[in-house]
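Chemist: Dumping the structure here so I can ask a few things about it.
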Amino acid sequence: MPAPVISARNLRKTYKEFVAVDELSFEVTAGESFGLLGPNGAGKSTTMRMLGAVSERTSGDLQILGLDPNDHGPEIRSRLGVVPQADNLDSELRVRENLLVYGRYFGIPRAVVARRADELLEFAQLADRAKARVDELSGGMKRRLTIARALVNEPRILLLDEPTTGLDPQARHVLWDRLFRLKEQGTTLVLTTHYMDEAEQLCDRLVVVDKGVILAEGSPASLIREYSSREVLELRFGSDRNADAVTALAGIGDRIETLPDRVLIFAADGESALEEVSRRGIESITSLVRRSSLEDVFLRLTGRTLVE
Amino acid sequence: MTVTGTSEVDYRAEALEAGARVRRFGSWYAAEHRLRSMRAFGLTLVLLAFANPLLYLLSLGLGLASLISSDVNGVSYLTFVAPALLASAALTGAAEESTYPVLTGFKFNAVFFSMAASPLAPKQIANAVFVGTAARVVPTVVVYYGILVLFQAVPSPFSALTILSASLVGMVAAALVTWYTATVTEDKGQMAVIMRFIIMPMFLFSGTFFPLAQLPLYLQWIGWISPLWHASELGRVLSYGMAEPAWLTATHVAVLVVLLVIGWVGARRVFHRRLTA
């Protein structure tokens, strides 16, 4: 197994009384695509800022590319690409200029930056917008420009904090496609997300984080195997009847979760669970059998849904 | 040697090499960005640089000076007022450059945070702001001085030394105002307060238009603590050899240098604190 490019042990960050990140331990190997999955406020962004060698840890050990960020911040950052949660492009400059100035922060020679800027604009499908003002770009385009900017130093590790939050479905798919290409080229990706589908699409391995603590770790498939059933039967009875229905449903499937708007029955075979429901004469307004997802894993681990 | 070991060493070595370059030259790399941003306002800045002195000199030089027939300090009124005007222009320009452009970097487009995610260190980002301000202030002062020459407001070629004293007070303003602006997290109009209630009164009460001694004692203190008064007096010594004790001239230089260092160190600290939280 290749050496880890990121190694965190008992990583902790507190702001006065508030514990943002509590003793996180994980490793990321070169070429891997690693995700931090959790709801808003779980400590993902704080963790990312520590991985980005920007925010200093309160305690614990952290090695990035074999270096300690407390001593070698500039060295580590020179080999990272960072896509922050909120775009911080320079709106006073044009699209291509944003790449040019950013490349110079790394001391990359002007001619090299100029060549890479053109390549990256192609990659980000923004070549025809090179001279546009940043404010004229759509949300998805700004995101792609921010990713292009993060790649200008040909980073070893790309850190993405909520890369598709706030984008429409089509823009998200375009972005996923670009990120998947980077992954294929061997770039190590570390991303945070509170979208399950995103984690399933992009992550080889992920940790589920809540309130600054890791609840579970594994590949999306193994987490689903371990913490959920193969399939889920969703039943809706109308908001005031969901709770009552649960009594009648007892014993069907492996486990039942009651949510405000629906009842989830976790079962290896959703169809036969549904047959059992109708055999008992229980009538639901709608029923749906689907594959289990990371959303269900999160619900199992925390008793809460991810996007509230 | 295993493949595992090699890859780790390579990443490390590569990072160490790339980082060393930025540790040395990062302030200049970041300054390139400030200069490019300024280019967008280039025409406005050039117009300001020419229009501002022209307006003052037409009004004061042709208007007010014609009323004041007696010499001030043993020189014509225009000669008296010229070094102070030069210093005020540097001060005002530098203060402006250190309000919204700095607030923007922290807040409106948060560009300082994107810089901080790159290998640049926060103190280098602060340095870059000062380099950018100097790149605006020094040419402004030089243009202003050229116009003073045209209006015959400077008596000798040595008067050109006032370019130095004026630029110095500009950088003092840049350092102190940047320090303050960097601490602002919410824009509640503090920038306007700085310009109207600190920079403007300083302009009026720093012996710019008349010797400070004309003011009653209870207002003179404003001049003594004002970097603008020290820069104007220093400028007068350099421009027309205004007579004053050597210790006082040394004090002008010392006050300006000390304020510059205080502001610079303070600003770099706040940049560090805010960008590494």
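None of the figures in this text is laboratory data; all of them are computed from the coordinates on show. Keep in mind the model is a prediction, meaning the values are calculated, not measured. All Cβ positions, even for glycine, are placed from backbone atoms using ideal geometry, and neighbour counts span all protein chains on display.
Chemist: Filter the trypsin sites (Lys or Arg not before Pro) in segment A:162-249 down to the DSSP loop ones having no more than 14 other Cβ atoms within 10 Å, then list what survives.
Modeler: Those satisfying the criteria are A:230, A:241.
Chemist: For chain B, what is the mean residue ellipticity at 222 nm derived from helices alone (per DSSP H run of n ≥ 4: -39500 (n - 2.57); sum divided by total residues; nearest 500 deg cm²/dmol)?
Modeler: -24000 deg cm²/dmol
Chemist: Output ³J(HN,Hα) for segment B:81-94: one whole-Hz value per residue in order, computed from phi by the Karplus curve 6.51 cos²θ - 1.76 cosθ + 1.60 with θ = phi - 60°, and x for Gly and Pro.
Modeler: Along segment B:81-94, the couplings run 7, 4, x, 6, 4, 4, 5, 5, 4, 5, 4, 5, x, 5 Hz.
Chemist: In Å, what Rg and Dmax follow from the Cα atoms of chain A?
Modeler: For chain A, the Cα radius of gyration and maximum Cα-Cα distance read 22.3, 74 Å.
Chemist: Also, quick follow-up: Just the number, please: percent antiparallel of the DSSP beta bridges in the protein assembly as shown, rounded to the nearest 5.
Modeler: Approximately 65 percent, going by the DSSP bridge assignments.
Chemist: Taking the alpha-carbon centroid of each part, what is the distance from segment A:56-130 to segment A:191-247 in angstrom?
Modeler: 33
Chemist: Additional query: Among B:200, B:35, B:240, whose Cα lies farthest out toward the positive end of the dipole of the protein assembly as shown, if unit charges sit on the beta carbon of Lys, Arg (+1) and Asp, Glu (-1)?
Modeler: Checking the options against the dipole of the protein assembly as shown, the answer is B:240.
Chemist: Right, another one. For chain B, with the dipole built from +1 on Lys and Arg beta-carbon atoms and -1 on Asp and Glu ones, taken about the Cα centre, which of B:213, B:174, B:155 lies farthest toward the positive end?
Modeler: Value: B:174.
Chemist: Just tell me how shielded A:54-60 is by partners: mean number of partner chain Cβ atoms within 10 Å of each residue's Cβ, no decimals.
Modeler: If you average over the peptide's residues, the count of other-chain Cβ atoms is 2.
Chemist: By its C-alpha gyration tensor, with a ≥ b ≥ c as the square roots of the eigenvalues, how is segment A:1-50 shaped: rounded for a/c under 1.5, else prolate for a/b larger than b/c, else oblate?
Modeler: prolate
Chemist: Please check: in the Gaussian network model of chain B (C-alpha springs, under 10 Å), which one of B:33, B:252, B:230 has the largest mean-square fluctuation.
Modeler: Residue with maximal mean-square fluctuation among B:33, B:252, B:230: B:33.
Chemist: Within chain A, count lysine pairs with alpha carbon atoms under 27 angstrom apart where the residues are 8 or more positions apart or belong to different chains.
Modeler: Here the count comes out as 9.
Chemist: In addition: What is the Cα coordinate range of the protein assembly as shown on the first, second and third principal axes, sorted by size from largest, in whole angstrom?
Modeler: For the protein assembly as shown, the Cα extents along the three principal axes come out at 112, 64, 47 Å.
Chemist: On average, how many beta carbons from a partner chain sit within 10 Å of the beta carbon of a residue in A:68-75?
Modeler: Mean partner shielding for this stretch: 5.
Chemist: Relative contact order for chain B: what percent, with Cα pairs under 8 Å and sequence separation of 6 or more?
Modeler: Relative contact order here is 26 percent.
Chemist: Determine the shielding of peptide A:92-105 by partner chains: average, over its residues, the number of Cβ atoms on other chains within 10 angstrom of each Cβ.
Modeler: Mean partner shielding for this stretch: 5.
Chemist: Give the peptides B:94-102, A:75-83, B:238-246, B:192-200 in descending order of average Cβ contacts within 10 Å, highest first.
Modeler: By packing density, highest mean first, the sequence is A:75-83, B:94-102, B:238-246, B:192-200.
Chemist: Cα centroid distance between segment A:253-302 and segment A:132-183, in Å?
Modeler: For segment A:253-302 versus segment A:132-183, the Cα centre distance is 36 Å.
Chemist: Still on this structure, I have one more. To the nearest 20 debye, what charge dipole does segment A:153-308 have about its Cα centre, counting +1 at the Cβ of each Lys and Arg and -1 at the Cβ of each Asp and Glu?
Modeler: 180
Chemist: Give me the number: length gained by fully extending residue B:247 to residue B:192, i.e. 0.36 nm times residue separation minus the C-alpha to C-alpha distance, one decimal in nm.
Modeler: Working it through step by step, the gained length comes to 16.2 nm.
Chemist: On to the next question. If you restrict to DSSP beta bridges whose two residues both lie in chain A, what percentage is antiparallel, to the nearest 5?
Modeler: 65
Chemist: Just report the Cα centroid separation between segment B:102-160 and segment B:53-83, whole Å.
Modeler: Centre-to-centre (Cα) distance: 28 Å.
Chemist: Here is a further query. Where the only charges are on Cβ atoms (+1 Lys, Arg; -1 Asp, Glu), what is the dipole of the protein assembly as shown about its Cα centre, to the nearest 20 debye?
Modeler: 1680
Chemist: On to the next question. Tell me, B:79, B:251 in order of fewest to most beta-carbon neighbours within 10 Å?
Modeler: Final ranking by Cβ density, sparse to dense: B:251, B:79.
Chemist: Given A:151, A:35, A:109, which one lies farthest toward the positive end of the charge dipole of segment A:1-154, if we put +1 on the Cβ of every Lys and Arg and -1 on the Cβ of every Asp and Glu?
Modeler: With unit charges placed on the Cβ atoms, the residue in question is A:109.
Chemist: For chain A, what does the relative contact order come out to in percent, with C-alpha contacts under 8 Å and a separation of six or more?
Modeler: 19
Chemist: So what J values fall out for segment A:246-256 if you push phi through Karplus, 6.51 cos²θ - 1.76 cosθ + 1.60 with θ = phi - 60°, rounded to Hz, Gly and Pro as x?
Modeler: After applying 6.51 cos²θ - 1.76 cosθ + 1.60, I find 4, 4, 5, 8, 3, x, 7, x, 8, 6, 10 Hz.
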